[in-house]
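Heads up: the structure comes next, in structure tokens.
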């Protein structure tokens, strides 16, 4: 017995030591959008992050003798994520601009970027008109948005959070034209849709104010050592030909200086095999596509379930604490609990989630810096999701518990006291069984709503069933098919919990006489 | 003038939130607020129009239609609205037939897609609220209507529905708040609602919190206004009932 205990303790100590060692060895973490082929993307169907930037990054890390990892991050969280130490570098085709340089530092550029209009071949964009002929134009935040608002202030511009969604809406015809990085548009859009007849319109546009000095790896301003090391590694891979080899492999030509692209260029051999692989997939039917992506989808479903279960635990805990505070707390505690329930139920769940995910980490670390209690706390997407969902539904749960407690006839508690029950016995024999019975219908409703709310974590980039379904739908050009799969997955979860919890409700309501009156 | 500069400097450098920047971009949030409120009101009206017949079908157990209505309501209430919105916005565009149809004029606009899915969503929840209220109509009211010689249709219109609407009011007030929360999803399909404005602001200035905090404050203000309105309505409509 003692022996077993000791081995458990030593195993725990070893784990802690290992975790500490991993932190000390400081694996470098790079953020990537993972939706910017061929620079970075999720290779179907496993969802593994691959691409030119990943190969380049790994080659540079080999030169630096460090372990590296690429993590997916939605575009609008790149700079906040870097600043809050979620990762160490932004390796995701981020253009070096003066505006961004106020917040972070960049390494030397690893390629130059421009932008070019893309539209259907037969569409001519009137680029002399301030409103671009009234066409609906799509752009992404930052570079191309900057160019359009500066040069075409009258144009109708729609801003997309991800390049993938921008391309999707050009394909569906929701926007007439887009302004996009040409290498990306060529490989991610034009080549992949030969039948759609997309083409560049005019030459690449130039504006250093918007497109800056090129594309660099973003690092924190206080991380000068990392910046120097990365610059050194970049020079090394350029000098020994690795860089050239990788660019030729992916793009067919060296893009370091990024000369204007012509759409007539011949396809490089070996690169962009994804397009053809995809068309094979497509011809073999929808069901096969779903089967091909099923491991990725199942992983997403698993995450949705795990997230729901962990969140409901936090929800119940917060609900019990808040309900107790409102029932038996001192005056100020009751006030505080009241404010919490009002605020948590007033803010839309998506807003709470984004606020906690982006703002929460900054706040945590600012408190840490001010008080000196902790140096750095990382809030993973999963944690942020759990916290946000728990925060919101804890407020609803507290009302359910409070209502349930108040429904217990007071005479029963008095009777318990009268027959001499201890507080403990009173709770376990009288209060708890009835609390469960009265709270179960409310609990069922909250659980069903909570499960659906977990879909929102896909917006902060957590790979749940919605995220994986959407990613698979984009890759196969079948968003409808895959979103329908996600829809039915949720429906199945709802039916399962619905049936299960109703059974439980009936069990706890045994012996209750029903149907009095009507 | 230096006073303004001092505020700006304090806001940018010392304040935990750069409130001055938010203040300067009030026009963005104003646009967002208008979009949110218009989406909310129109989807509530459209959802209500769909919900009333659904509720009557469910409450009176119309054969054939009742199970269909139940299936529709269960499907909509049992799945996340985000997924429904994605199916309407990104999903339908998968089909050439949809893109070439007349409906595309509406479906190609993200604003309309958002409105359609919010209306469908709120219609399902509202139908359940109305159904419960209709079912709960006191037997005596219905008997009195029949005794006075009203047809079923007339009794429904004059007696049952008005009294059911009144009973449904508190629950419907909650649904209005939930629907407001739902409209925040519009920002995921490029509509500039209050949250969309917040995301744009954060994107343009590389901020983590300012936009979202502003959005949260605006949403809470709207929620408080909605609850005020409903409390007022309840007091007016329940005037005839004994208080307490």
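Only the coordinates and a few stated rules stand behind these numbers; no lab work does. From a predicted model like this one, the values you see are computed outputs, not experimental measurements. Glycine also receives a Cβ, built like all others from the backbone with ideal geometry; neighbour counts cover every protein chain displayed.
Among A:412, B:156, A:353, a tally of other beta-carbon atoms within 10 Å of each Cβ gives an order, fewest to most, of A:412, B:156, A:353.
Of the two radii for segment B:145-225, the radius of gyration is 1.35 times the Kirkwood radius, both from the alpha carbons; that is the Rg over Rh value. The distance linking segment B:44-121 with segment A:306-361 is 32 Å (Cα centroid to Cα centroid, whole angstrom). A protection proxy built from the mean count of other Cβ atoms within 10 Å ranks the segments A:35-41, A:168-174, most packed first, as A:35-41, A:168-174. Where in segment A:485-512 does the amide nitrogen come within less than 19 Å of the point 7 Å from the Cα of residue A:309, taken along Cα to Cβ? A:489-502, A:504, by backbone N distance to the label point. Helix B:161-183 and the long axis of chain B differ in direction by around 20°, with both axes built from C-alpha atoms.
Beta bridges from DSSP with both residues in the protein assembly as shown: antiparallel share about 60 percent, rounded to the nearest 5. Rounded to the nearest 10 degrees, the angle from helix B:210-237 to the longest Cα principal axis of chain B is 30 degrees.
Against the empirical 2.2 N^0.38 Å (N residues), segment A:294-508 has a Cα radius of gyration ratio of 1.21. Enumerate the whole-percent occupancy of each 10 Å bin, from 0 to the last occupied one, for all C-alpha pair distances of segment B:61-132. Over segment B:61-132, the share of Cα pairs per 10 Å bin runs 19, 41, 30, 11, 0 percent.
Here the gap between residue A:248 and residue A:380, fully extended at 0.36 nm per residue and compared with their Cα-Cα distance, gives a gain of 43.9 nm. Using the Cβ-Cβ distance between residue B:23 and residue A:126 with R0 set to 30 Å, the FRET efficiency from 1/(1 + (r/R0)^6) comes to roughly 0.20.
What fraction, in whole percent, of alpha-carbon pairs in segment A:25-86 exceed 15 Å separation? Don't jump to the answer; show the numbers that get you there.
Working: 993 of 1891 pairs.
Result for the distance tail: 53 percent.
Here the sum of -39500 (n - 2.57) over DSSP H runs of 4 or more residues, divided by the residues of the protein assembly as shown, equals -19500 deg cm²/dmol at 222 nm, to the nearest 500.
Applying 1/(1 + (r/R0)^6) with R0 = 51 Å to the Cβ-Cβ distance of residue B:7 and residue B:148, what FRET efficiency is obtained, to the nearest 0.05? It comes to 0.15.
Can you tell me which of A:131-138, A:70-77 comes out highest on packing, and rank the rest after it, using the mean Cβ neighbours within 10 Å?
Taking the mean over residues of other Cβ atoms within 10 Å, the ranking is A:70-77, A:131-138.
Compared with the direct C-alpha span, the chain from residue A:331 to residue A:419 gains 28.5 nm at full extension, assuming 0.36 nm per residue. One Cα centroid belongs to segment A:154-173, the other to segment A:369-412; the line between them spans 38 Å. Under Stokes-Einstein, with the Kirkwood radius over Cα pairs standing in for Rh, what whole-number D in µm²/s applies to segment A:349-463 at 25 °C and 0.890 mPa s? Using the Kirkwood radius from Cα pairs, D works out to 144 µm²/s. The value for segment A:384-427 of Rg(Cα) / (2.2 N^0.38 Å) is 1.72.
Spatial offset of segment B:191-244 relative to segment B:125-151 amounts to 34 Å, using the alpha carbon center of each. Taking only the Cα atoms of the protein assembly as shown, the radius of gyration and Dmax are 28.9, 97 Å.
Spin-label model, residue B:65 to residue A:364: label points 7 Å out along the Cα-to-beta-carbon direction sit 5.3 nm apart. Taking 0.692 mPa s as the viscosity and 37 °C as the temperature, the Stokes-Einstein diffusion coefficient of segment A:115-211 based on its alpha-carbon Kirkwood radius rounds to 251 µm²/s.
Once you wrap a convex hull around the alpha carbon atoms of segment A:286-378, what is its projected area averaged over all directions, in nm²?
Values: hull surface 38.0 nm².
Result: a mean projected hull area of 9.5 nm².
Report D for segment A:34-143 in µm² per second (integer): Stokes-Einstein, Kirkwood Rh on Cα pairs, 10 °C, 1.306 mPa s. My calculation gives 95 µm²/s for D.
Restricting the calculation to Cα atoms, segment A:428-485 yields a radius of gyration followed by a Dmax of 18.3, 58 Å. Relative to the compact-globule estimate of 2.2 N^0.38 Å, the Cα radius of gyration of chain B comes out at 1.28.
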